[in-house]
Ligand code: UD1
Ligand code: UDP
């Protein structure tokens, strides 16, 4: 039996962890004992607790209760607390997801006391080190023993950084890399039907008979920059002017909610708050967001997860960032990069709406069984 500590903390990691815990529960319960540590990076009910029952995620064995703070304060507090748990639990490996401060803390704490690191969502690069996530993922990849990349681009990035494909031995100095598909796709495949039958948001927001767009915004480069945040909201208002039948649903990340008052110009904020077709709602559960993704006409987002889930749901996407790690959806024409540029956002929506029915969605993210593959390689290697 291998003891694996899984670190979760931010919303997308809680969601991703559902796929791995499900694989352990249904296929590998004799071989893997999963101990779950929640750092507490996200703590609002609708950013954390809401996902556990709905996605059948086991209750965390530990919650570090770290909460919000500057990068240094937040990450340091996590490292200190994680180190104690690692020393007590003596796991065979630590599994970290993605690129948040919780990922970085797990990697640093484990590397110093020689616990092998398993990085799920390895190899992704924006090539923009102004993004905290780029720093987190580079450090985490280069400390890891098993690296699981969701895309062929991620796998190639790892090879370009000197990782070798030879998988005969495995250690922090001689890591193994894999292209295994995306565990987020595992979850969308698994939960899509139940999302359509049991979501509440479509009725609550009276969206049954109206076309709508779905948007999320939370990147610091957008929320903390007044020019960018005002430009994005101006674009959303103009889009509603251009599509008079459409509504726009925007589940607000707490960071964005906190920044809007200060960083969106008052005249735009006033229009946003009084537009009856603009649904500013609290963050929604996973089944609700899946239903929104499935029923909307198009997604406008700076979220990494939503860009892909738009693709899984065969919906075009306007990306509110200067670049993306998910380059294949742009190459295939399903998404456009608009950053926070009002004209680019508005014209991106027009272009994609115009050619929506001609877009194709080839399989790019695996077969929905990435988590099972990851679990089997952990058992084989550690
Ligand atoms: C973090 C990740 C980002 C990921 C995102 C997912 C880092 C560096 N960033 O960004 O990669 O895309 O999570 O959503 O790890 N807040 C609350 N309640 C909460 C959580 C946050 O009010 O439950 C507010 C706090 O004011 C906090 C701010 O949101 O300061 C930012 O939270 P934080 O976790 O630091 O970063 P995110 O922007 O959420
Ligand atoms: N999500 C959710 N409810 C929401 C908004 C997003 O469940 O109101 C889910 C979304 O479906 C995806 C994940 O959260 O699975 C993405 O997280 P987020 O956008 O916070 O972070 P990122 O993916 O950019 O790191």
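The values are calculated or read from the model by the stated rules, or taken from the named source; none is laboratory data. The shown structure was predicted, so the numbers you read here are calculated from the model rather than taken from an experiment. Neighbour counts run over all protein chains shown; Cβ positions are idealised from the backbone, glycine included.
Structure above, values below:
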read-out: Failed item, numbered, when residue 141 is tested on (1) within 16 Å of ligand 1 (Cβ to nearest atom); (2) closer than 24 Å to residue 129 by Cβ; (3) part of a strand (DSSP E or B); value: (3)
read-out: Every residue from region 51-78 that is away from ligand 1 (no atom under 11 Å from the Cβ) and either assigned to a helix (DSSP H, G or I) or modelled with pLDDT under 95 (or both); value: 51, 52, 53, 54, 72, 76, 77
read-out: Those helices (runs of 4 or more DSSP H) lying entirely in region 152-235 with at least 1 residues under 18 Å from residue 253 (Cβ atoms); value: 183-198, 201-204, 220-223
read-out: Tally, over region 175-197, of residues that are farther than 28 Å from residue 362 by Cα and within 15 Å of ligand 2 (Cβ to nearest atom); value: 0
read-out: Qualifying positions in region 97-108 - crowded, with 24+ Cβ neighbours inside 10 Å and within 15 Å of residue 172 (Cα to Cα); value: 106, 107
read-out: Helices (runs of 4 or more DSSP H) (entirely within region 300-382) containing at least 3 residues that are out of contact with any helix residue (DSSP H, G or I) (no Cβ under 8 Å at 6 or more places or on another chain) and more than 27 Å from residue 96 (Cβ to Cβ); value: 342-355
read-out: Residues that are in contact with a helix residue (DSSP H, G or I) (Cβ under 7 Å, 6 or more places away or on another chain) and not in a helix (DSSP H, G or I), drawn from region 37-50; value: 37, 39, 41, 42, 44, 48
read-out: Filtered residues of region 79-134 (kept if at positive phi and either within 14 Å of ligand 1 (Cβ to nearest atom) or free of Cβ contacts under 8 Å to residues at least 40 places away in the same chain (or both)); value: 98, 121
read-out: Near pairs, Cβ below 6 angstrom, 6+ apart or cross-chain, from region 37-61 (closer than 25 Å to residue 89 by Cβ and without any contact (Cβ under 8 Å) to a residue 60 or more places away in the chain) to any residue that is within 8 Å of ligand 1 (Cβ to nearest atom) and outside any loop (DSSP other than H, G, I, E, B); value: 42/11
read-out: Residue within region 74-95 that is crowded, with 19+ Cβ neighbours inside 10 Å, in contact with a helix residue (DSSP H, G or I) (Cβ under 9 Å, 6 or more places away or on another chain) and closer than 21 Å to residue 365 by Cβ present; value: yes
read-out: Test: residue 264 is within 15 Å of ligand 2 (Cβ to nearest atom) and buried (at least 17 other Cβ atoms within 10 Å of the Cβ); value: no
read-out: Residues of region 10-44 classified as away from ligand 2 (no atom under 14 Å from the Cβ) and more than 17 Å from residue 62 (Cα to Cα), total; value: 12
read-out: Number of the exception - residue 166 against (1) modelled with pLDDT under 95; (2) under 18 Å from residue 325 (Cα atoms); value: (2)
read-out: Odd one out for residue 103 among (1) in contact with a helix residue (DSSP H, G or I) (Cβ under 7 Å, 6 or more places away or on another chain); (2) more than 21 Å from residue 184 (Cα to Cα); value: (2)
read-out: Residue 56 within 16 Å of ligand 2 (Cβ to nearest atom) and surrounded by fewer than 20 Cβ atoms within 10 Å (Cβ to Cβ); value: yes
read-out: Test: residue in region 10-23 that is within 11 Å of ligand 1 (Cβ to nearest atom) and outside any helix (DSSP H, G or I); value: yes
read-out: Single residue of 173, 182 found to be surrounded by fewer than 21 Cβ atoms within 10 Å (Cβ to Cβ) and under 24 Å from residue 382 (Cα atoms); value: 173
read-out: Residue 352 in contact (Cβ under 8 Å) with a residue 40 or more places away in the chain, more than 16 Å from ligand 2 (Cβ to nearest atom) and closer than 21 Å to residue 249 by Cβ; value: yes
